[in-house]
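Chemist: Have a look at this one.
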Amino acid sequence: MSSADLVALLPLIVLGATSVVVMLAISLRRSHALTAGLSLAGLAVAFWSLWPAAGVVPLQVTPLLIVDRFALYYFGLIIAATVAVVLMGYGYFERHDVRREEFYVLILVAALGSAVLVASNHFVSFFLGLEILSVTLYALSAYLADREIALEAGMKYLVLAAASAAFLLFGMALVYAQTGTMEFPAIARDLVSGGAAHIWILAGVAFMVTGFGFKLAVVPFHLWTPDVYQGAPAPVTAFIASVSKGAMFAILLRFFYQSGSRDLHATLLIFAIIAIASMFTGNLLALFQNNVKRILAYSSVAHLGYLLVAFEAGGAMGAAAGTFYLTAYMVTTLGAFGVIAALSSSERDAEDIDDYRGLFWRRPVLATVFTAMLFSLAGIPLTAGFLGKFYTIAAGANASVWVLLFVLVLTSVIGLFYYLRLVVALFATEDIPTDAEQPLPAVPATGGLTLAVLAFVLIWMGVYPHVILNVIHAATSIFA
């Protein structure tokens, strides 16, 4: 392996080395502050390593990985989101009498698996990255083992993820049996030379959609989502909702664009059906929830449906719109679950709507941040979520996917109800529990700083998106 290869892989190497260093540090001395500090230091070095790597890309590193501007953008997104999860996790786990340190090892390994995913252009690296991510999420979902609902969440995620992985592997096997290759670009050459897609390729892609659908939590593969969101610790839920789904959307774009599978009529049809079902199901089921985590879970199902509209639009414009929407969604989701983590106690997470009733009159800053996140999820102007939907609609209009756009607009209106329902609870003046009756935990300094930065980024992307859009257009130009 050349020196250029090592420089290109530097973010992955640093993430892997950091997880090993943190694990060794735990074996020598248990210290929550030290473990969190080492994790943040390693993530900072990994983020810095993006600049040296940018000087040698695009670069194919063995047949398994390709490091290009698209991969580097998602590396940065994954690392930044993991920093936010570590910061909010520190204050959250300080309140729990558990072995806290292993949380950081698992989060770092999960970030490494996510990074491997976004750089994959081969079935082997794709499956390896997916399993590294999945196995760590099993443990993270059930991390607070003293809670019965956490164990249920971990078991449900394990069983369903194992089943979806089997479908994914079988799909890969069918595609390989027909094409004789596991490299994404080589699959595209076979499709072009062979004319119409062979029945085995169509069947293989259909099976692979199951694996993608499970990780993205789109209908009908979404059934695990509300239970895992509710049962997992708030920082873990934030990671699943942001980093895990971000990595899967990145590999979705890379595989279907580079393998030529996206150009198949059957692929576009099945993703259009999934997108419509996800937008309707996610928003309608969220209407009937009283648990904030479950509301956000069903909301995520709907938002992944919106993301698939950008995927259906296709081309560099669709890829750029989807990447911007995903970035905005990750910032917003991290902020929403950051507020939940800040308000959670050692006994339970702050997940009931009543926990937020009248919050503005007790914690005005925290309530304002949560309101901004909810407005962004609803697509209210001056937030990143509004521009995300705007660019998605523009890309869809350019590709004339009018049915999907109609459903997107209609279901967005439905979604306004449950977002505004939460906002109304935040500003309610009747039946407000006093601090004496229901004391609120102090907001940790790390959590408060994280929420402040996320709120700033949310407004910045909604008011002045020019800088981030330039970076995204450069990253997604490979799909032109």
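Chemist: Compute the distance in nm between two label points, each set 7 Å from the Cα along the Cα-to-Cβ direction, one at Met155 and one at Val135.
Modeler: With each label placed 7 Å out from Cα toward Cβ, I get 2.2 nm.
Chemist: OK, next. Starting from 0.36 nm per residue, how many nanometres of slack lie between Gln60 and Ala162 once their C-alpha separation is accounted for?
Modeler: Answer, rounded to one decimal: 33.7 nm.
Chemist: Output needed for segment 348-480: three equivalent-ellipsoid semi-axes, defined as square roots of 5 times the C-alpha gyration tensor eigenvalues, in descending order, whole Å.
Modeler: Gyration-tensor ellipsoid for segment 348-480: 34, 20, 10 Å.
Chemist: Follow-up question, since we're still on this one. Work out the length of the dipole vector of segment 3-479 about its Cα centre, built from +1 on the beta-carbon of each Lys and Arg and -1 on the beta-carbon of each Asp and Glu, and round it to the nearest 20 debye.
Modeler: Its charge dipole is roughly 560 debye.
Chemist: Taking only the alpha-carbon positions of the chain and ignoring solvent, what does the Debye formula give for the base-10 log of I(q)/I(0) at q = 0.10, 0.12, 0.14 Å⁻¹?
Modeler: Log10 I(q)/I(0), no solvent term: -0.70, -1.03, -1.43.
Chemist: Simple spin-label model, 7 Å along Cα-to-Cβ: Leu128 to Ser2 in nm?
Modeler: Computed distance between label sites Leu128 and Ser2 equals 2.0 nm.
Chemist: Another one. Once you place label points 7 Å from the Cα toward the Cβ at Phe288 and Val20, how far apart are they in nm?
Modeler: 5.1 nm
Chemist: Sort Phe406, Phe167 so the one with the fewest other Cβ atoms within 10 Å of its own Cβ comes first.
Modeler: Ordered from fewest to most neighbouring Cβ atoms within 10 Å, Phe406, Phe167 come out as Phe406, Phe167.
Chemist: Would you order Lys156, Lys245 from fewest to most other beta-carbon atoms within 10 Å of each residue's own beta-carbon?
Modeler: So the ranking, lowest neighbour count to highest, is Lys156, Lys245.
Chemist: Can you give the direction-averaged projected area of the convex hull of the alpha-carbon atoms in segment 1-80, in nm²?
Modeler: 5.6 nm²
Chemist: Let me ask something else about it. Anything in the chain that counts as a DSSP H helix reaching 30 Å or more along its axis (C-alpha) with Kyte-Doolittle mean of at least 0.5? List them, would you?
Modeler: TM-like helix candidates: 69-94, 148-179, 265-286, 292-313, 315-343, 402-426.
Chemist: Towards the positive end of the charge dipole of segment 3-479, with charges on Cβ (+1 Lys, Arg; -1 Asp, Glu), say which of Val401, Phe93, Gly385 has the farthest Cα.
Modeler: So the residue furthest toward the plus end is Val401.
Chemist: Follow-up. Sum -39500 (n - 2.57) across every DSSP H segment of at least 4 residues in the chain, then divide by the residue count to get the 222 nm mean residue ellipticity, nearest 500.
Modeler: -25000 deg cm²/dmol
Chemist: Give, in nm to one decimal, the length gained when the segment between Val467 and Arg99 is fully stretched (0.36 nm per residue of separation minus the Cα-Cα distance).
Modeler: Extending this stretch completely gives an extra 128.3 nm.
Chemist: Would you kindly compute the Cα radius of gyration of segment 1-45 and its largest Cα-Cα separation (Dmax), both in Å?
Modeler: Computed over the Cα atoms of segment 1-45, radius of gyration and Dmax are 12.5, 38 Å.
Chemist: Additional query: Can you tell which of Leu296, Leu223, Leu128 lies farthest toward the positive end of the dipole of the chain, using +1 and -1 charges on the Cβ of basic and acidic side chains (Lys, Arg; Asp, Glu)?
Modeler: Leu128
Chemist: Distance between the C-alpha centers of segment 323-364 and segment 239-303? Whole Å please.
Modeler: 22 Å
All of the numbers you see were taken from the coordinates with simple rules; none came from a lab. Not measured: the values here are computed from a predicted model. Here the Cβ is made from the backbone with ideal geometry for all residues, glycine too, and neighbour counts use every protein chain on show.
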